[in-house]
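Asker: Got a structure here, written out as structure tokens. Questions coming.
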Amino acid sequence: MALFRELKIGELTLSHRVVMAPLTRMRASEPNKAPTSLNAEYYEQRATPGGLLIAEASQVLQQGQGYPSTPGIFSQEQVEGWKQVTERVHAKKGLIFLQLWHVGRVSLPYYQPENKPPVSSSDIPYPGRILTPEGPVKATAPRSLSKSEIKDVIEAYRVAAVNAKKAGFDGVELHAANGYLIEQFFNNQVNLRTDEYGGAVENRARLCFEILDAIIPVWGEKRVGIRLSPHEGNGVNGVKDSDPEAIYTFVLEQLSVRYADKLAYVHIIETSRPFGTDKSFAEEGGFKMIEKYAPLYKGPVIAASGFTPNAATKFVEAGCADAVAFGRFFISTPDLPERIRQGANPNNYTRKTFYTKGTKDVSDKALRIGYTDYPTLANAKTENLFDLSKL
């Protein structure tokens, strides 16, 4: 079975190709934004020998936060919190990378140091609403990062990579997808800069490559991945580009030219599937963005978004990707790889418990709901299984 063949990524050997996608769950401690023993239990439940978990997006500095109770990787307390996670995953002989994150304009002064405006490539506002513990709030206009501030952001990523190594991770993934800061530089309807970080595709990709150049030496070869979400003009979280094929082709081709011998993998999200929907592509043919862009990278590719186990198997068998990352089904099914191996259906998931409004004054019992309380197959009830045949 294609999903259960070993996969070599540098010195690491994955025993199977069922990857846990990075999943924002908003359950870090407050006010420290540090992982807790509950978070460690959640990842431990989903660890398998030789299986790769990509831990949730973690802001590289306070400026990078845009949601309640998301973890960071910029303080010693956060490093200690993440150590709980990596130790428990490694005790089950699992592998775990940490996703490094800066949300850019998808934030509010509420989350920013000294209540300052959020930052971005330019001052184009995020068109949506931002979640806070009190409810969604209309986004405020960001301010454009100065060139000296860009250098500070790059340094924050480097320090975060160092901290992730101290915390015991096996590698890191650069979040360059879903309309966050790096994509705000990629896309020319958000990035209106006229300096060396704006205009031509090589300029709009510059920040991404400078961050990679800062974090790869921290880890060495094949321990840094990158996540991308190429789109057809309208991307996630309101990013837009008049010629998206130009920027994403350039980025992927340059990743091959500059970094194929250094990166662990490229992780590509299928953006033709609406973000936040329950729709899956049960058969092949629904992954046109991955099929278009994955061949441009000459190294391991992880595909994500909208896959059923059957579609993932066919996709890997066809050589369209080397592994597939699952999100929703990994949330609801701690033993997902074994379920797929046995041909058993995953548990139903409850979308309303994917996120929280923050952990302040919330009990451990309440935070467990939809987080660590999903059963393994041995304890699952038939009526609570997800019927994949209906997709």
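The values are calculated or read from the model by the stated rules, or taken from the named source; none is laboratory data. Nothing here was measured: the structure is a model prediction, and the numbers come from that model. Reconstructed Cβ throughout: ideal geometry from the backbone, glycine too, with neighbour counts over all protein chains shown. Accessible surface is based on the protein model in full, side chains and every heavy atom, while ligands, DNA and RNA are left aside. Shrake-Rupley method; radii C 1.70, N 1.55, O 1.52, S 1.80 Å.
Asker: I want to confirm something. Restricting to the range 214-243 and keeping residues that are out of contact with any Gly (no Cβ under 8 Å at 6 or more places or on another chain) and of a type in the set (A, V, I, L, M, F, W, C), which single residue is farthest from SER256 (Cα to Cα)?
Answerer: Step by step, filter the range 214-243, then rank; the result is VAL218.
Asker: When both residues are 6+ apart or on different chains and their Cβ atoms are under 8 Å apart, which pairs have a first residue that lies in the range 208-237 and is surrounded by fewer than 20 Cβ atoms within 10 Å (Cβ to Cβ), and a second that is among the charged types (D, E, K, R) and modelled with pLDDT under 95?
Answerer: Close Cβ pairs (under 8 Å, with a partner that is among the charged types (D, E, K, R) and modelled with pLDDT under 95) amount to GLU221/ASP261.
Asker: Assuming SER120 fulfils every condition listed in (1) closer than 30 Å to GLY51 by Cβ; (2) open to solvent by less than 60 Å² (accessible area, probe 1.4 Å) apart from one, which condition is it?
Answerer: Exception for SER120: condition (1).
Asker: Out of all the residues in the range 223-265, which are acidic (Asp, Glu), over 23 Å from PRO127 (Cα atoms) and out of contact with any Asp or Glu (no Cβ under 9 Å at 6 or more places or on another chain)?
Answerer: GLU253
Asker: Against the condition open to solvent by less than 20 Å² (accessible area, probe 1.4 Å) and not charged (D, E, K, R), how does ALA294 come out, does it pass?
Answerer: yes
Asker: Here are the criteria: (1) surrounded by fewer than 17 Cβ atoms within 10 Å (Cβ to Cβ); (2) closer than 20 Å to GLU253 by Cα; (3) among the hydrophobic types (A, V, I, L, M, F, W, C). Tell me which single one VAL201 does not satisfy.
Answerer: (1)
Asker: Sort out which residues of the range 363-387 are modelled with pLDDT under 95 and surrounded by 15 or more Cβ atoms within 10 Å (Cβ to Cβ), and write them in order of number.
Answerer: Matches in the range 363-387: LEU377, ALA380, LEU385, PHE386.
Asker: To continue, here is another question. Look at LYS8 and say whether it is basic (Lys, Arg) and touching a residue at least 40 places away in the same chain (Cβ under 8 Å).
Answerer: So LYS8 does not fit the description; no.
Asker: Which members of the range 103-136 meet the condition of being part of a strand (DSSP E or B) and either under 22 Å from the mean Cα position of the chain (by Cα) or without any contact (Cβ under 8 Å) to a residue 40 or more places away in the chain (or both)?
Answerer: Scanning the range 103-136 gives VAL119, SER120, ARG129, ILE130, LEU131, THR132, PRO136.
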